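To start, the structure itself, in structure tokens.
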Amino acid sequence: MKITGARVIVCCPGRNFVTLKLETDEGLTGLGDASLNGRELAVAAYLTEHLVPLLVGRDAHRIEDTWQYLYKGAYWRRGPVTMSAIAAVDTALWDLKAKAAGMPLYQLLGGASRERVLVYAHANGRDIAETVDEVHRQAALGYRAIRAQSGVPGLAKVYGVAADREHSYEPATPGLPKEEDWDTAQYLRHTPKLFEALRNAIGWEHELLHDVHHRLTPIEAARLGKDLEPFRLFWMEDATPAENPEAFRLIRQHTTTPLAVGEVFNTVWDCKPLIEQQLIDFIRTTVVHAGGITHLRRIADLAALYQVRTGSHGATDLSPVCMGAALHFDLWVPNFGIQEHMPHNEATDEVFPHAYRFDGGFMHPGEAPGHGVEIDERLAAKYPYQRAYLPVNRLQRDGTLWDW
Ligand code: KDG
Ligand code: MG
């Protein structure tokens, strides 16, 4: 099966998505997600200018060789732009191979290791009472695991919380980056109260998760982990920036709250020290930003040696193509933990018709051959790219630029 064409489709049905479409001499097409929030066109250009010319004429069945060719052949290894572009090619090739075999992708990976994929929902509120309501609402929709985020008294805007209840949370906005403010002391006082209120309201049957979104220093994260221990979180995510993996040792020494990290990682090399030194419990890399299915398997296999489980990133800035591929991966991967699920808006679901489905707190990738996600190109063309940026964050006290 020869690749005869490769095209990059950029669209914005509410937010930007970059999709690679491969065409073959057998008439099959394969899709890969290449969306990198706030830096979309860098990946689109990497694909169009540098990878597409290498793909036309290649044997679509040679997934591993193509991965190695694009990774080693670039000389400049790793990085989110390179790895998202390679991921798009890899995902599209797995899609093609599974379609050629007439099988859903999870069958090619080794078959299902479970009946269904546990997912977690988002519950966000401007204050504790709103977050409690929202957790109840998500539980009523069937979710068994719920990530809870709340506004912090005195802070105008914090990660994960929409400005009003009518709109769902979307951090990337058109125009120049929005500025948010931050105060660690107020957050550290507030967050244990949130989880105390949640356990009192919802009891102990549901898993509760929380995303710190890189705001804390290691010792502050250690303090929060300790304070949250009585509420038995499923995980505390991105407690501190992870460029320095040693930071997690300090957190680990102080708390038994499980630690999750990895949505901004792009290779196994980012994950290696954290996994091998057993500094984390969940690795959150996903298909699009970590080199596709081929590389994600390497990360998961390394993690399995240390009882670290997967917890793939699944925010709405990852397209349905990534979600579909991730669900096939989740159904197969032996050391599965959980999958993040933030439903896409209606326009996105129309542009990307898909076989995956949600039922009672679990998802399933469906039985369509390939990863089960397609693109309606005519509809996509009605939603042209719009430049958008993620916010930046400053300390409220003196305006110092902080981690977002
Ligand atoms: O593009 C950035 C978002 O995907 C990220 O802020 C979402 O942290 C996130 C999460 O856990 O979903
Ligand atoms: Mg996160």
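Observations on the structure shown:
- Here Ser35, Ser84 are screened, and the one residue that is crowded, with 21+ Cβ neighbours inside 10 Å, touching a Cys at 6+ places or on another chain (Cβ under 8 Å) and not β-branched (Val, Ile, Thr) is Ser35.
- Filtered residue count, segment 141-164, keeping only those that are closer than 15 Å to Leu198 by Cβ and away from ligand 2 (no atom under 16 Å from the Cβ): 3
- Filter result for Leu224 (farther than 27 Å from Leu198 by Cβ, in a helix (DSSP H, G or I) and either of a type in the set (Gly, Ala, Ser) or within 16 Å of ligand 2 (Cβ to nearest atom) (or both)): no
- The residues on offer are Ala140, Ala162, Ala172, Ala148, and the sole one that is in contact with a helix residue (DSSP H, G or I) (Cβ under 9 Å, 6 or more places away or on another chain) and either away from ligand 1 (no atom under 13 Å from the Cβ) or not hydroxyl-bearing (Ser, Thr, Tyr) (or both) is Ala148.
- Residue that is nearest to ligand 2 (Cβ to nearest atom), among those in segment 312-364 that are farther than 18 Å from Val18 by Cα and of a type in the set (Ser, Thr, Tyr): Ser312
- Selection of segment 92-117 for residues being buried (at least 20 other Cβ atoms within 10 Å of the Cβ) and either of a type outside the set (D, E, K, R) or within 16 Å of ligand 1 (Cβ to nearest atom) (or both) yields Ala92, Leu93, Trp94, Leu96, Ala98, Pro104, Leu105, Tyr106, Val117.
- Only a single criterion out of (1) assigned to a loop (DSSP other than H, G, I, E, B); (2) over 17 Å from the mean Cα position of the chain (by Cα); (3) crowded, with 17+ Cβ neighbours inside 10 Å is not satisfied by Ala239, namely (2).
- Taking each residue of segment 42-55 that is in contact (Cβ under 8 Å) with a residue 12 or more places away in the chain and looking for partners that are part of a helix (DSSP H, G or I) with beta-carbon atoms closer than 6 Å, six or more apart or interchain, yields Ala42/Val81; Val43/Val81; Val43/Ser84; Val43/Ala85; Tyr46/Val81; Tyr46/Ala85; Leu47/Ala85; Leu51/Ala85.
- Considering the conditions (1) in a loop (DSSP other than H, G, I, E, B); (2) in contact with an Asp or Glu (Cβ under 8 Å, 6 or more places away or on another chain), Phe265 is excluded by exactly one of them, (2).
- Considering residues of segment 339-390 that are within 16 Å of ligand 1 (Cβ to nearest atom) and outside any loop (DSSP other than H, G, I, E, B) only, the residue farthest from Leu176 (Cα to Cα): Met363
No lab work stands behind these numbers, since they all come straight from the coordinates. Computed from a prediction, not measured in an experiment: that's the story for all the values here. No Cβ is skipped: glycine too gets one built from the backbone with ideal geometry, and neighbour counts run over all protein chains shown.
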